[in-house]
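A short write-up of the structure that comes next.
Where a number appears in this text, it was derived from the coordinates with a stated rule and is not lab data. Because the structure is predicted, anything quoted here is derived from the model rather than measured. As a convention, Cβ positions derive from the backbone with ideal geometry for all residues, glycine included, and neighbour counts pool all protein chains shown.
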Amino acid sequence: MANVAFIGLGIMGLPMAVNLVKAGHQVTGYNRSPAKVDKFVADGGKGASTVAEAVKEADVVITMVPDSPDVEAVVTGDDGIFANAKQGAQWIDFSTIRPDVAGQLAKDAAQAGLKPLDAPVSGGEAGAIDGALSIMVGGETADFEAASDVFDAVGKTVVHVGPSGSGQTVKAANQLIVAANIEALSEAVVFLEAYGVDTEAALKVLGGGLAGSKVLDQKGQKMLDRSFDPGFRLQLHHKDLNIVTSAAREAGVTIPLGAVVAQLVGSMVNQGEGSLDHSGLFKLVEQLSGRDENSPDKD
Ligand code: NAP
């Protein structure tokens, strides 16, 4: 069993770190706000008060922080991972960041004597708690195979998709598909409600046909209940849609649906709704039809 350092104990990181403890690994956690380290210690992990302290004995160093600049902040500098981890240690970045940044950081990591894998995940908080995430991994094949015990503790569908950075490219595609699904589901629910259809019954039958999806299973009820506690915050999906729209433009690929959904998600964030679950995009779809709670014509 490995000695693991886990940096970033948020909505996803904390349950993933706990699953590594349950699988028998020795895990030391660090988080920017210390209260989350205390939670991890209460769940059976070890706590550290700096990145350097967390990583110094680790065979495997994991990062799970929000965005590209956050990953750069924890890996670089005198107190960072590259300067303090053991030579030969594996660095697995589970965060969702820009593919070009992941590719560059992998080169820097290798130069610092580490073995890098970009390994963004899908499956949400529920997948993290259940140890059932989909994990798309970029990096060297040998490094991927060496990390199998760690991946098995947190994921169910774990696939090596190519060299460094390609895990992030696949994740960008994932985020495009999920956002378009959420938008379509929101439009369908607003449409059904306008006709006074029994929406519980409608979603049940839609879920059994070609319209069925994990988005419908996990987000449909949240829309019916107007219950948008995160989960995956709109702010983070906004980040990911920026990643996919700019990466598509750089590749000369046109993604019109992605561009529209990116604008709609951006609008929610600009209106101060970024901390809602991404299913909260439903609120904007209601508003576009004058069917939100503030609309004078709301029946
Ligand atoms: P989150 O709840 O905001 O957690 C991020 C954690 O990283 C926070 O606890 C934060 O600490 C910590 N952090 C940020 N900067 C740090 C730094 N410089 N040093 C140490 N810790 C730092 O976000 P999340 O939902 O877990 O998402 C994490 C990543 O997974 C993101 O890239 C996201 O896109 C991806 N993801 C999320 C989901 C989901 O459903 N939530 C699903 C798939 C992928 P503070 O407490 O100080 O803020």
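Contact order for segment 3-163, expressed relative to its length and based on alpha carbon pairs under 8 Å spaced 6+ residues apart, stands at 19 percent. Normalising by residue count, the chain has a Cα convex hull of 137 Å³ per residue. Computed from Cα atoms, the angle from the helix 99-111 axis to the main principal axis of the chain rounds to 10 degrees.
Share of antiparallel DSSP beta bridges in the chain, in percent to the nearest 5? Counting DSSP beta bridges with both partners in the chain, the antiparallel share is about 15 percent. The alpha-carbon atoms of segment 55-115, seen along their principal axes, cover 27, 20, 18 angstrom, with the largest extent given first. Taking Cα atoms only, the orientation of helix 166-194 departs from the longest principal axis of the chain by about 20 degrees. Distance between the pseudo-spin-label points of Gln221 and Gln87 (7 Å out from Cα toward the beta carbon): 5.4 nm.
Take every DSSP beta bridge whose two residues both sit in segment 3-163; close to 15 percent of them are antiparallel. Compute the long axis of helix 13-22 from its Cα atoms, compare it with the longest principal axis of the Cα atoms of the chain, and write down the angle in degrees, 0 to 90, nearest 10. Long axis of 13-22 versus the principal axis of the chain: about 60 degrees. Please give me the summed charge of the neighbours of Val158: other residues whose Cβ is under 14 Å from its Cβ, Lys and Arg +1, Asp and Glu -1. Overall, the nearby charge balance is -3. Highest mobility in the GNM of the chain, judged by mean-square fluctuation with C-alpha springs under 10 Å and restricted to Ala142, Ala89, Ala173, is found for Ala142. By other beta-carbon atoms within 10 Å, ranking Thr169, Thr199, Thr96 with the fewest at the front produces Thr199, Thr169, Thr96.
Put simply, the Cα atoms of segment 1-67 extend 27, 22, 21 Å along their principal axes, the longest span coming first.
Net charge of the neighbourhood of Ala106, taken over other residues with C-beta under 14 Å away and scored Lys/Arg +1, Asp/Glu -1, is -4.
Our coupling estimate for segment 273-282, obtained by passing each phi through the Karplus curve with A = 6.51, B = -1.76, C = 1.60 and θ = phi - 60°, is 9, x, 8, 6, 4, 5, 5, x, 4, 3 Hz, Gly and Pro reported as x.
If you add up the charges near Gly212, with Lys and Arg at +1 and Asp and Glu at -1, over every other residue whose beta carbon is less than 14 angstrom from its beta carbon, what do you get?
+2
Both radii were evaluated on the Cα set of segment 150-299; the Rg over Rh quotient, with Rh as the Kirkwood radius, amounts to 1.00.
222 nm [θ] for the chain, helices only, -39500 (n - 2.57) per DSSP H run of 4+, per residue, to 500?
On the way: 15 runs with 159 residues, N = 299.
My calculation for the chain gives -16000 deg cm²/dmol from helical runs alone.
Once you have the Kirkwood Rh of segment 3-163 from its Cα pairs, apply Stokes-Einstein at 25 °C and 0.890 mPa s and quote D in µm²/s. So the translational diffusion coefficient is about 163 µm²/s. Computed on the chain, with alpha-carbon pairs under 8 angstrom and 6+ residues apart, the relative contact order is 13 percent.
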